[in-house]
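See below for the structure under consideration.
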Amino acid sequence: MADSQTASERRREDLLPRSLLIGMAFLGAIVVATLAILGPLFLGAIQYRTSQSGIWQTMGVDAVNLIIMVPALVIGGVLLLLRRDGAKYFLILTPVTLFSLALEAGAGQEWSLYPGNAERYAWLFIVEVIVALVLLIGTMPLFSERDAPRFRKSGLRLYVAFVTLLLVLFTVMWLQELVQVATTGNTATGSYANSPVAFWMVRFMDLGVTIPLGFLGMYLLLTRPERAYSLVLLFFGFFVTMGTSVTAMGLVMLVNHDPEAQAGALMVFPLLTVMAWAGLLYLVKDRLPWSRKSRGARGRAAAAEAK
């Protein structure tokens, strides 16, 4: 039985070459860091074709990318290089966020409204999409049902109910703006007239991807947390990184007194971000260094190596 399990684990890891995943992790870190450094947060070499509000939002995203995305990719790559099981928990955080940010920043420019040179750096966004796809395909099979922790149903139901409520509020807020645009031709803050392409990119991504993934993640977490563990982790990786990015965007807008900042969003997104981080920690609680189960697993592994 042990030999068959070992063979199964080996087949799962061989879906994509480990060297390819390591290279993509480091390449992704380099590209994300390069975009953040060249962007408006630091050097300003990349001049995005967007409104001033869009530039402030980009600064918030770049800051979070340097704080979360780059370290997650580097740590995941290093741990994978060292053949550590913890690598997959870092790499699973990144694919959907890389894909989403690359599309929004690369294609969501106001090409005819504002001057800029973002098209010169389009290849970097394309590389981000490629890295995201490779990491998505290569990282998910590294997980098995045995990685999933045991969940207490009572606390899990309460958590799912609260996050679902926040997702509903998020949905209603965005739908209200769609109704405003359809009936008046603009939003109350004027954000649509200033950046129509970005408006539709964000709404399509949020209403078509982010929010449905949120509801699917809550459903799977409540009904099939063990069988769908890797998928749930993938969703929560997106929630924590994107949620933190949106919260940072809102803070930068607030500090700069951006008239496009929405009071409702500044309340909902931080709550969603906190709940996303809480959910992610709950999902990986048995793998944290101070976890009793984690210490026991390391002790058994050390004993096996000693034999």
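For the reader, a short list of remarks on this structure follows.
- Which listed residue, of Glu110, Glu177, is in contact with a Ser or Thr (Cβ under 6 Å, 6 or more places away or on another chain), surrounded by 15 or more Cβ atoms within 10 Å (Cβ to Cβ) and part of a loop (DSSP other than H, G, I, E, B): Glu110
- Matching residues in the stretch 169-208 - criterion: being more than 19 Å from Pro270 (Cα to Cα) and of a type in the set (Val, Ile, Thr): Val179, Val181, Thr183, Thr184, Thr187, Thr189, Val197
- Evaluation of His257 against the conditions (1) open to solvent by 20 Å² or more (accessible area, probe 1.4 Å); (2) in contact (Cβ under 8 Å) with a residue 60 or more places away in the chain; (3) of a type outside the set (Val, Ile, Thr) shows that the sole unmet condition is (2).
- For Arg84, the conditions (1) touching a residue at least 24 places away in the same chain (Cβ under 8 Å); (2) part of a loop (DSSP other than H, G, I, E, B) all hold with the exception of (1).
- Residues of the stretch 88-105 satisfying the condition of being open to solvent by less than 10 Å² (accessible area, probe 1.4 Å) and in contact (Cβ under 8 Å) with a residue 60 or more places away in the chain: Leu91, Ile92, Thr94, Pro95, Thr97, Leu98, Ser100
- Boolean, Val268 is crowded, with 17+ Cβ neighbours inside 10 Å and within 20 Å of Val61 (Cβ to Cβ): yes
- Residue match in the stretch 164-185 (condition: aromatic (Phe, Trp, Tyr) and within 29 Å of Trp56 (Cα to Cα)): yes
- Single match in Ala36, Ala45 (criterion: open to solvent by 30 Å² or more (accessible area, probe 1.4 Å) and among the small types (Gly, Ala, Ser)): Ala45
- Just one of the listed residues (Val78, Val64, Val96) is among the β-branched types (Val, Ile, Thr), part of a helix (DSSP H, G or I) and over 29 Å from Tyr192 (Cβ atoms), and it is Val78.
- Within the stretch 113-151, the residues that satisfy the criterion of being open to solvent by 90 Å² or more (accessible area, probe 1.4 Å) and over 19 Å from Met24 (Cβ atoms) are Leu113, Pro115, Arg120, Glu145, Arg146, Arg150.
- Matching helices (runs of 4 or more DSSP H) fully within the stretch 210-307 where at least 1 residues are more than 20 Å from Thr171 (Cα to Cα) and modelled with pLDDT of 80 or more: 211-223, 229-255, 263-283
- Check on Ser154, part of a helix (DSSP H, G or I), open to solvent by 20 Å² or more (accessible area, probe 1.4 Å) and modelled with pLDDT under 85: yes
- Among residues of the stretch 188-243, those that are open to solvent by 30 Å² or more (accessible area, probe 1.4 Å) and either on the phi > 0 side of the Ramachandran plot or among the polar types (S, T, N, Q) (or both), counted: 3
The values are calculated or read from the model by the stated rules, or taken from the named source; none is laboratory data. This one's a predicted model, so the numbers in the text were calculated from it and none came from an experiment. Don't worry about glycine lacking a Cβ; one is built from the backbone with ideal geometry, like all the others, and counts go over all protein chains shown. Ligands, DNA and RNA are stripped out before the accessible areas are found, and what is left, the full protein with its side chains, is counted by its heavy atoms. Shrake-Rupley method; radii C 1.70, N 1.55, O 1.52, S 1.80 Å.
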